[in-house]
Structures are given as structure tokens and as C-alpha cells.
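Below is one structure, written out as C-alpha cells; comments come after it.
The values are calculated or read from the model by the stated rules, or taken from the named source; none is laboratory data. Small disclaimer: the values here were computed from a predicted structure and weren't measured. Cβ coordinates were reconstructed from backbone atoms using ideal geometry, including for glycine residues, and neighbour counts include every protein chain displayed. Note: areas computed on protein heavy atoms with side chains; ligands, DNA, RNA excluded. Shrake-Rupley method; radii C 1.70, N 1.55, O 1.52, S 1.80 Å.
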Amino acid sequence: MPVSRTWTSKNQFLGIVAHDLRNPLNGIVLAAQLLEGEKDQTRRDATARKIAKQGLDMSDLISRFLDKAVLESGQVKPQLECFSLAALAREILDLHQTRAREKDILLSFDPGGAPPDVQADETFSKAILDNLVSNAIKYSPPGTRTFVRLSVSGAYLRLSVADQGPGFTLEDQQRLFGRFVKLSAEPTGGEMSTGLGLSIVKHMADAMGCGISVESQPGLGATFHVDFPLRPNEG
């Protein structure tokens, strides 16, 4: 009896969920066991921080799986509103400063003067920014820079996120926005990758009518561009 494509896809999805959640869950269990018998306060604090990080990793993984499932179901539609993409970019960069400093990566932001507001879904836009900045930090080696720039291009405000990481091969670029795709580049700080982030970004960008593209060469970093429609009467 032939196996349906839907059933195969669901099995693949569940297998990846189980695989990717197992490592942080095992880490939490082991760290909790160490904490139980630890007398030194400094080591207890360090172990507690490790447990918190593993918990956050699991929460992030679950959020990504749920985001993907909901987007593909078509149940969530973008709610278009006018807002400052520059303010949102500053917010996201502030959230990632600590992790960037830990990896000795410099985050910089060029708003391009006083950019106009965009008309998009702010929640989707925040998720797109968060994914792109997070990936830039995740795959970049220490001592490099990640740039976020805004520039007006016709009726759009272009968001560009550039890094000095390993870049993408031509084969990677052709598969970049597929789901559960494992690319040739590896995270540089032991971070996890589900292969879902860029797929979610593409779904959200498409839903809002935003164009998304990438420029990259192996060994020369990558730059992602997302074009957000300008607020009406501002283009």
C-alpha cells in the first residue's frame, strides 16, 4: 500500500521534532542532577544558568515548529498596520547584543537617515528581523561584524542584514528557503539549527507581500534583503 505524501511529511516533521528536542531535554536532566548534589554556590549558579539556557532553547524550538505549522495551515493572516521599521530593528538588535558580545561580534545599525514607516504585520516583521539577526550571529565567527541597514527603494523600505560568516554555496542558495533544510555552514558557537528559520521567514515575507532575496559568495558572508511596502502616500 503506497504511503501518502502527507503522512510521510508528518512523520518527517515528528522525527525532526523528537530529534531536536532530545538534546536540550537531556541537557536539562543532566544539569539538574548535577545541581542536586552541588555544594559550591558559584557552581550552583553556573549550573542554574545552564538549565535556564537549555529551557530557552527548547522554548525557541517549539515556537519555531508551531510557527511553521500554523503558517502552512493558512490559519493566521497578516494584520497590516503602519509602524517604524527602524524602531523595531533597534529593539531586535538590543535583544541580541548580549549574545553578540559573548561571541565577540559587533552589531551595527544604519537607519539611512529618518526612514519612513512601513505597512506590514509588526509581529511577522519582528519574527523576520529576529531570525535574520539571530542567524547572522549564529553562523559568524568571533571578531566579525553584522550590519543591519535600511534604505528606500522605490515604493519599499529595504531591510538588509549582512554578516561576515562563511556565506552560501550556489547549491545552498537554491535550497535556502526550504523547510528542514540543513545547509553546509555550521553554527560557530555550538548553537542548534532546526532548518526551519529561513523557511518561516519566507512564508511571513510572502504573506505580507514583501520580497526577500540573498546575496552571497562562499567565504565572503551573506546579505539578506527584505523589501517592506512603504506606508501609503510616503512612497
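Restricting attention to the range 125-181, which residues are over 19 Å from D227 (Cα atoms), free of Cβ contacts under 8 Å to residues at least 60 places away in the same chain and basic (K, R)?
Hits for the range 125-181 are K138, R145, R175.
Between residues in the range 86-97 that are touching a residue at least 60 places away in the same chain (Cβ under 8 Å) and residues that are crowded, with 19+ Cβ neighbours inside 10 Å, which pairs lie under 8 Å by C-beta distance while being six or more apart or on different chains?
Note: pairs meeting the criteria are A86/P115; A86/L150; A89/L129; A89/V148; A89/L150; A89/L159.
Provide a single number: the residues in the range 116-138 that are crowded, with 20+ Cβ neighbours inside 10 Å and more than 19 Å from H203 (Cβ to Cβ).
3
Is there a residue being under 18 Å from A89 (Cβ atoms) and either at pLDDT below 85 or open to solvent by less than 60 Å² (accessible area, probe 1.4 Å) (or both) anywhere in the range 177-193?
no
Between L88, L107, which is open to solvent by less than 80 Å² (accessible area, probe 1.4 Å) and touching a His at 6+ places or on another chain (Cβ under 9 Å)?
Checking each option against the conditions leaves just L107.
Looking at the range 119-160 only, could you name the residues that are part of a helix (DSSP H, G or I) and under 15 Å from D94 (Cα atoms)?
K126, A127, L129, D130, N131, L132, V133, S134, A136, I137, listed by residue number.
The rows are residues; the columns are (1) farther than 17 Å from I212 by Cα; (2) within 13 Å of the chain's Cα centre (by Cα); (3) at pLDDT 90 or above.
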site: F65; (1), (2), (3): yes, yes, no
site: K103; (1), (2), (3): yes, no, yes
site: F124; (1), (2), (3): no, yes, no
site: L129; (1), (2), (3): no, yes, yes
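Testing T98 on (1) open to solvent by 40 Å² or more (accessible area, probe 1.4 Å); (2) assigned to a helix (DSSP H, G or I); (3) more than 19 Å from D163 (Cβ to Cβ); (4) not basic (K, R), one condition comes back false. Which one is that?
Tallying (1) open to solvent by 40 Å² or more (accessible area, probe 1.4 Å); (2) assigned to a helix (DSSP H, G or I); (3) more than 19 Å from D163 (Cβ to Cβ); (4) not basic (K, R), T98 fails exactly one: (3).
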